[in-house]
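Asker: Structure in structure tokens, see below.
The values are calculated or read from the model by the stated rules, or taken from the named source; none is laboratory data. Keep in mind that this is a model prediction, so the values were computed, not measured. Counting neighbours? That spans all protein chains shown, and the Cβs are built from the backbone with ideal geometry, glycine included. These accessible areas exclude ligands, DNA and RNA; they are computed on the full protein's heavy atoms, side chains included. Shrake-Rupley method; radii C 1.70, N 1.55, O 1.52, S 1.80 Å.
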Amino acid sequence: MIYNFDLGEKTILVTGGYGYLGKAIAESLLFHNAKVIVLGRSIEKFKNAFKENEFLNSTLLFQNCDISKTESIKSAFLEISKNHSISVLVNNAFYSSGQSPEKMEDKDWENGIDGSLNSVFRAIREIIPYFKSSTGGKIINVSSMYGVVAPDFSVYEDSPNFLNPPHYGAAKAGVIQLTKYYASYLGKYNVNVNTVTPGPFPSESVQQDERFVKALADKTCLNRIGKPNDLGGIFTFLSSDAANFITGQNIVVDGGWTIK
């Protein structure tokens with residue numbers, strides 16, 4: 001048998017799936033025939049993001065979920081499981097506050113770690129019973145190049161408003177290790193756990209600063225920033241049966257930033 005990238009038998013949950021990168025992930029999965037359920041706090045943002053998508057309300061659905069709250073995650077997974085067999089969980093959503101490396105308050109540090117690392121742990125913990133009671137599943141966690149390398153602070157000298165905060169990379173490095181931990185723990189249940197690590201994918205608003213975008217692009221081997229569609233393919237691959245023997249890995253999509 002030759003495995004392909006068709007996802008027609010799969011129901012895939014994407015947290016934060018209506019954001020800048022989350023939307024591209026969801027659309028790639030939809031294109032390859034998956035049923036995609038976007039988890040988030042705002043159905044209005046979901047509808048606005050996908051208002052022109054042909055799959056809306058058929059194979060593209062919304063489920064209210066606040067990843068900062070365990071009970072909300074539990075409730076969301078339970079509600080989804082009433083009508084769907086969950087195949088893949090993509091932990092894409094995050095939240096944070098604070099920025100300064102020297103003046104960040106404890107509450108902002110804790111909030112950043114909670115939003116980028118603890119929230120991923122909560123979602124993994126709560127999905128385990130569903131995968132153990134079925135034939136297995138897949139978990140894809142989203143990290144960052146700053147979970148692999150430290151920022152080059154010269155990139156931010158002319159654009160201090162975009163400075164990457166200290167808790168972000170610390171939490172994203174934790175996501176990579178958490179992936180390895182659960183890949184080892186869940187392997188016997190036929191659950192694959194992998195990380196995707198995006199590189200420079202500045203949002204549309206950040207891209208208004210052309211000098212900053214050039215500084216980011218110059219750090220890559222391909223001399224450009226990432227586009228949302230550059231990211232969708234790896235999630236399709238890792239969600240598919242073609243990736244059934246891949247687990248515990250961190251796949252970096254950064255245009256070569258981290259090899260320099």
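Asker: V191's amide H: which non-local residues (gap 5+, or another chain) put their own amide H closer than 5 Å, with H modeled 1.01 Å from N in plane and none for Pro or chain starts?
Answerer: Close amide H contacts, sequence-distant or interchain: G137.
Asker: Now, a different point. So, for the range 26-99, what is the accessible surface per residue at a probe of 1.4 Å, expressed in square angstrom?
Answerer: Details: 3840 Å² over 74 residues.
I get 52 Å² per residue for this part.
Asker: Could you size up the charge dipole of the range 1-130 around its Cα centre, putting +1 on the beta carbon of Lys and Arg and -1 on that of Asp and Glu, and report it in debye to the nearest 20? Provide the component values of the computation, followed by the final result.
Answerer: Working: 14 positive and 16 negative charges, 63 e Å.
My answer is approximately 300 debye.
Asker: If you don't mind, there's one more thing I want to ask. How large is ³J(HN,Hα), in whole Hz, for each residue of the range 38-47 in order, when computed from phi with the Karplus curve 6.51 cos²θ - 1.76 cosθ + 1.60 and θ = phi - 60°, using x for Gly and Pro?
Answerer: 8, 9, x, 9, 10, 5, 5, 5, 4, 5
Asker: Place the peptides 124-132, 232-240, 193-201 in order of packing, highest mean first, counting for every residue the other Cβ atoms within 10 Å and averaging per peptide.
Answerer: Numbers: 124-132: 17.8, 232-240: 21.4, 193-201: 23.8.
Listed from highest to lowest mean packing, they are 193-201, 232-240, 124-132.
Asker: Could you run the Karplus curve 6.51 cos²θ - 1.76 cosθ + 1.60 with θ = phi - 60° over the range 115-127 and give me ³J(HN,Hα) per residue in whole Hz, x for Gly and Pro?
Answerer: Calculated HN-Hα couplings, in order: x, 9, 10, 4, 5, 5, 4, 4, 5, 4, 4, 7, 7 Hz.
Asker: While we're on this one: Do any GluC sites (Glu not before Pro) in the range 139-214 lie in a loop, going by DSSP, with at most 13 other beta-carbon atoms within 10 Å of their beta carbon, and if so which? Don't jump to the answer; show the numbers that get you there.
Answerer: Working: sites: E157, E204, E210; in loops: E157, E204.
Answer by residue number: E157, E204.
Asker: Pairs of lysines 8 or more apart, or on different chains, with alpha carbons under 19 Å: count those in the range 23-93, would you? Walk me through the intermediate numbers first.
Answerer: Values: K23/K35; K23/K45; K23/K47; K23/K51; K35/K47; K35/K51; K35/K82; K74/K82.
Taking the Cα cut-off of 19 Å, the pair count is 8.
Asker: Let me ask something additional. From the residues S133, S154, I2, which one has its Cα farthest along the dipole of the chain in the positive direction, the dipole being from +1 and -1 charges on Cβ of Lys/Arg and Asp/Glu about the Cα centre?
Answerer: Farthest towards the positive end: S133.
Asker: Using Cα springs under 10 Å in a Gaussian network model of the chain, which residue among V90, V14, V149 shows the largest mean-square fluctuation?
Answerer: Of V90, V14, V149, the Gaussian network model singles out V149 as fluctuating most.
Asker: Hey, another quick one. Do the sum for the chain: with -39,500 (n - 2.57) for every DSSP H run of n ≥ 4, divided by all residues, what is the mean residue ellipticity at 222 nm, to the nearest 500 deg cm²/dmol?
Answerer: Values: 8 runs with 94 residues, N = 260.
-11000 deg cm²/dmol, from helical runs alone.
Asker: Using +1 at the C-beta of Lys and Arg and -1 at the C-beta of Asp and Glu, which of T258, G199, A123 has the Cα lying farthest in the positive direction of the dipole of the range 103-260?
Answerer: The Cα lying farthest towards the positive end belongs to A123.
Asker: Continuing with this model, one more query. Quote the charge dipole size of the range 98-185 about the Cα centre in Debye, to the nearest 20; the model charges only the Cβ of Lys and Arg (+1) and of Asp and Glu (-1). Don't skip to the answer; put the middle values down first.
Answerer: Numbers: 8 positive and 10 negative charges, 152 e Å.
In debye, rounded to 20, the range 98-185 gives about 720.
Asker: Apply the a/c threshold of 1.5 to the C-alpha gyration tensor of the range 104-246 and tell me whether it is rounded, prolate or oblate. All intermediate terms of the calculation are to be shown ahead of the outcome.
Answerer: Working: a/c = 2.81, a/b = 1.62, b/c = 1.73.
Because a/c hits 1.5 or more and a/b fails to exceed b/c, the range 104-246 counts as oblate.
Asker: Quick check: the distance between the Cα centres of the range 1-78 and the range 133-188, to the nearest angstrom?
Answerer: Cα centres, the range 1-78 to the range 133-188: 21 Å.
Asker: Okay, moving on. Skipping prolines and chain starts, which residues have an amide H placed within reach, meaning under 5 Å, of the one on G19, given they are 5 or more residues away or on another chain?
Answerer: Result for G19 returns nothing.
Asker: Starting at the first residue of the range 197-213, write each ³J(HN,Hα) from the Karplus equation 6.51 cos²θ - 1.76 cosθ + 1.60 with θ = phi - 60°, in whole Hz, x for Gly and Pro.
Answerer: 10, x, x, x, 10, x, 5, 4, 5, 5, 5, 5, 8, 5, 5, 5, 4
Asker: Can I ask one more? Taking the Cα centre of the chain as origin, work out the dipole magnitude from +1 charges on Lys and Arg Cβ and -1 charges on Asp and Glu Cβ, in debye rounded to 20. Working shown, then result.
Answerer: Details: 25 positive and 26 negative charges, 147 e Å.
Dipole size: approximately 700 debye.
Asker: For I251, which sequence-distant residues (separation of 5 or more, or a different chain) have an amide H within less than 5 Å of its own amide H, given hydrogens modelled in the peptide plane?
Answerer: T195, V196, T197
Asker: Here's something else I'd like to know. State the percentage of accessible surface on the chain attributable to carbon and sulfur atoms; use a 1.4 Å probe and exclude ligands, DNA and RNA. The partial results should precede the final answer.
Answerer: Values: 6420 of 12910 Å².
In the chain, the share of accessible area belonging to carbon and sulfur is 50 percent.
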